[in-house]
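Accompanying notes for the structure given below.
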Amino acid sequence: MNKNVVITGANRGIGLALVKGYIAQGYQVYAVCRHSSVELNALPVITVKDVDVTSDDGINKLLRDLEQITIDVLICNAGILRDESLSELNIDTIRAQFEVNALAPLRIVSGLQAQLNSGAKVAMITSRMGSIADNGSGGRYGYRMSKAALNAASMSLSIDLKPRNIAVGIYHPGYVQTDMVNYGGDISATESASLLIGLINQLDVTETGVFKHSNGQMLPW
């Protein structure tokens, strides 16, 4: 019987590469997105579209569409990056990043928690820019703050879900060549997804709550 993986932000970039990687491993993939894509439509997955993770209606639609399944792997990958500086502070874009990057993953895990199998794995796709110790360049207030908030929520989830034998991994995907960074990264989405899947495959409750680079390096908080 196939295992089930749910992946948010699945229509492009790292999310789409994760979809392809899990198909290759024989999983039944539930690909969650606001809008599908030609490439996603061509894949043998169940697409859960029209899901705006920042709205009550979007979260409720996701929960309704997935209410009949059990979940072996849940990957909260959807995220946005906006650019603020101290001289050009935009509170609206900061709020938007908190909604997508921090609050939505927590709401999704909370809503789907009863469907997570014993031994299931939850992967939060975060960023090393959420590390306070690793911040050597400043700026990017909304992205840094929202990813730090995601990291904090993920650590709490790792503690709360551990009694059910559910592990939580907190992963920086690398500087990935996606449209989020105008394809200026140093690693392809395919390579990043392959590394992430390897880490998720190895994850269990003995190392739940780890904050890792996709290359396996432990990252500072």
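Of the residues contained in region 142-153, none is found to be more than 27 Å from L86 (Cβ to Cβ), in contact with a strand residue (DSSP E or B) (Cβ under 9 Å, 6 or more places away or on another chain) and either at pLDDT 95 or above or not polar (S, T, N, Q) (or both). Checked against (1) aromatic (F, W, Y); (2) outside any helix (DSSP H, G or I); (3) in contact with a Gly (Cβ under 9 Å, 6 or more places away or on another chain), Y171 meets all criteria but (3).
One residue is enough: does region 94-104 have a residue meeting the conditions in a loop (DSSP other than H, G, I, E, B) and within 17 Å of the chain's Cα centre (by Cα)? No, the conditions are met nowhere in region 94-104.
When S118 is tested against (1) closer than 18 Å to V5 by Cα; (2) assigned to a helix (DSSP H, G or I); (3) of a type in the set (S, T, N, Q); (4) modelled with pLDDT of 95 or more, just one condition goes unmet, and that condition is (2).
In region 154-190, the qualifying residues are those that are among the small types (G, A, S), at negative phi and surrounded by 15 or more Cβ atoms within 10 Å (Cβ to Cβ), and the one that is modelled with the lowest pLDDT is G185.
Quick check on K61: is it basic (K, R) and either under 14 Å from the mean Cα position of the chain (by Cα) or closer than 25 Å to V205 by Cα (or both)? Taking the combined requirement at face value, the residue does not satisfy it. Among the residues of region 121-136, the one identified as of a type outside the set (A, V, I, L, M), in contact with a Lys or Arg (Cβ under 6 Å, 6 or more places away or on another chain) and outside any loop (DSSP other than H, G, I, E, B) is G130.
Given (1) assigned to a loop (DSSP other than H, G, I, E, B); (2) farther than 26 Å from Y30 by Cβ; (3) within 17 Å of the chain's Cα centre (by Cα), identify the lone condition not met by M145. So the condition that M145 fails would be (1). For region 50-77, the set of residues classified as in contact with a Ser or Thr (Cβ under 7 Å, 6 or more places away or on another chain), at pLDDT 95 or above and outside any strand (DSSP E or B) consists of N77 only.
Of the residues N60, N2, N11, the single one that is of a type in the set (S, T, N, Q) and either surrounded by 15 or more Cβ atoms within 10 Å (Cβ to Cβ) or touching a residue at least 40 places away in the same chain (Cβ under 8 Å) (or both) is N11. Is it true that some residue in region 102-120 is in contact with a Phe, Trp or Tyr (Cβ under 8 Å, 6 or more places away or on another chain), more than 23 Å from I14 (Cα to Cα) and surrounded by fewer than 24 Cβ atoms within 10 Å (Cβ to Cβ)? Looking through region 102-120, none of the residues is in contact with a Phe, Trp or Tyr (Cβ under 8 Å, 6 or more places away or on another chain), more than 23 Å from I14 (Cα to Cα) and surrounded by fewer than 24 Cβ atoms within 10 Å (Cβ to Cβ).
For every residue, the table says whether it meets (1) without any contact (Cβ under 8 Å) to a residue 40 or more places away in the chain; (2) within 20 Å of Y27 (Cα to Cα); (3) acidic (D, E).
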position	(1), (2), (3)
L66	no, yes, no
E84	no, no, yes
E88	yes, no, yes
I91	yes, no, no
Q113	no, yes, no
S118	no, yes, no
T126	no, no, no
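Is one or more of the residues making up region 191-204 surrounded by fewer than 16 Cβ atoms within 10 Å (Cβ to Cβ) and closer than 27 Å to L63 by Cβ? Yes, region 191-204 contains a residue that is surrounded by fewer than 16 Cβ atoms within 10 Å (Cβ to Cβ) and closer than 27 Å to L63 by Cβ. Which count do you get for residues in region 33-71 that are touching a helix residue (DSSP H, G or I) at 6+ places or on another chain (Cβ under 6 Å) and closer than 19 Å to L106 by Cβ? The total comes to 8.
The values are calculated or read from the model by the stated rules, or taken from the named source; none is laboratory data. Source: prediction; values computed, not measured. All Cβ positions, even for glycine, are placed from backbone atoms using ideal geometry, and neighbour counts span all protein chains on display.
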